[in-house]
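These notes are about the structure you will find just below.
What follows is calculated from the coordinates using simple rules that are stated; it is not laboratory data. The model shown is predicted, which means the values in this text are computed figures rather than measured ones. Here the Cβ is made from the backbone with ideal geometry for all residues, glycine too, and neighbour counts use every protein chain on show.
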Amino acid sequence: MGFLTNQLSQQNFQDHLLKTLKVICQEQVQQPDNSVTVTLVAAPTEPITVTLTPLSFEAIIDQDKVFNTWLLEVAVTDATGDVATFEVTYQEDAVVCPIDLTQWPGQNVVQKHDVEFRIIGDPIVEDADVTINFVINYCLVVAKEVLVRVNGAIPFC
C-alpha cells in the first residue's frame with residue numbers, strides 16, 4: 001500500500017496521548033533459606049515426595065521495598081501413594097529496589113517472570129508435620145503507568 005501525497009500533509013498529523021508502562025525497577029531476585037510446614041492428618045509412610053507450586057502472588061510497595069506474599073500449593077505424596085494437598089500463604093523477605101518507588105506518580109504494576117521454586121534437600125518429617133526448605137528465583141519488574149505524547153497521523157480510511 002502506498003501513500004498519496006495529500007495523506008502525508010501536516011494537517012493529517014496531531015499529538016496523541018498514549019498510556020504505557022515505564023520500568024522503574026528491575027531486579028534478579030534469589031531468596032534462599034525459605035521454609036513452609038504443613039500438618040498432615042497422620043504421620044506419613046516414608047519415603048515421601050513433595051511438590052511446591054506457586055499459584056498467585058500479591059505485592060505491596062513501600063518506598064524502596066517490594067513485599068511479596070505468595071499463595072503456594074504443597075502436595076505431599078507418601079510411600080503408599082496417598083496425596084495430601086495444601087494451599088499455604090508464604091511471605092518472603094522484602095526486595096529492595098535502588099530508588100524510592102513512591103516518588104513516581106501513577107499506578108504500580110508488579111510483574112514477575114522466570115519464577116522458580118526449587119526444593120532444597122529432603123523434606124523434614126516430625127510426626128505429622130512436614131517441613132519443606134526451598135529457594136525462590138525470579139526476575140522482578142516494577143513499572144508505572146505513564147502518558148507518552150506521540151505525533152501521529154489521523155486514520156484516513
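Can you return the aspartates and glutamates within cross-link range of LYS65? Criterion is Cα-Cα under 14 Å, with same-chain partners fewer than 8 residues away left out.
GLU27, GLU92, ASP93, ASP100
Relative to the Cα centre, what is the charge dipole magnitude of the range 17-146, using +1 at the beta carbon of each Lys and Arg, -1 at the beta carbon of each Asp and Glu, and rounding to the nearest 20 debye?
820
Describe numerically, in nm with one decimal, the distance between label points set 7 Å from Cα along Cα→Cβ at GLN111 and at VAL146.
1.6
Quickly work out the ASP15-to-ASP82 label distance, labels modelled 7 Å from Cα along the C-beta direction, and quote it in nm with one decimal.
About 7.0 nm separates the two model spin labels.
Work out, step by step, the length gained on full extension between VAL96 and ASN137: first 0.36 nm times the residue separation, then minus their alpha carbon distance; give nm to one decimal.
Contour length minus Cα-Cα distance gives 13.3 nm.
Once Lys and Arg get +1 and Asp and Glu get -1 on their Cβ, which of GLN31, ILE48, PRO98 lies farthest toward the positive end of the dipole of the range 17-146?
Going by the charge dipole, the pick is PRO98.
Checking the a/c ratio against 1.5 first, then a/b against b/c, what shape does the Cα gyration tensor give for the chain?
Taking the square roots of the gyration eigenvalues as a ≥ b ≥ c, the chain is prolate.
By how many nm would the segment from ARG118 to LYS65 lengthen if fully extended, with 0.36 nm per residue of separation less the alpha-carbon distance?
Result: 16.7 nm gained on full extension.
Short version: ³J(HN,Hα) in whole Hz for each residue of the range 25-32, in order, from phi by Karplus 6.51 cos²θ - 1.76 cosθ + 1.60 (θ = phi - 60°), x for Gly and Pro, what are they?
With the stated coefficients, the range 25-32 comes to 9, 9, 10, 8, 10, 10, 10, x Hz.
Compute a Gaussian network model of the chain, connecting alpha carbons closer than 10 Å, and tell me which residue from LYS144, LYS19, LYS65 fluctuates the most.
Answer for the Gaussian network model of the chain: LYS19.
For CYS97, which sequence-distant residues (separation of 5 or more, or a different chain) have an amide H within less than 5 Å of its own amide H, given hydrogens modelled in the peptide plane?
LYS65, VAL66
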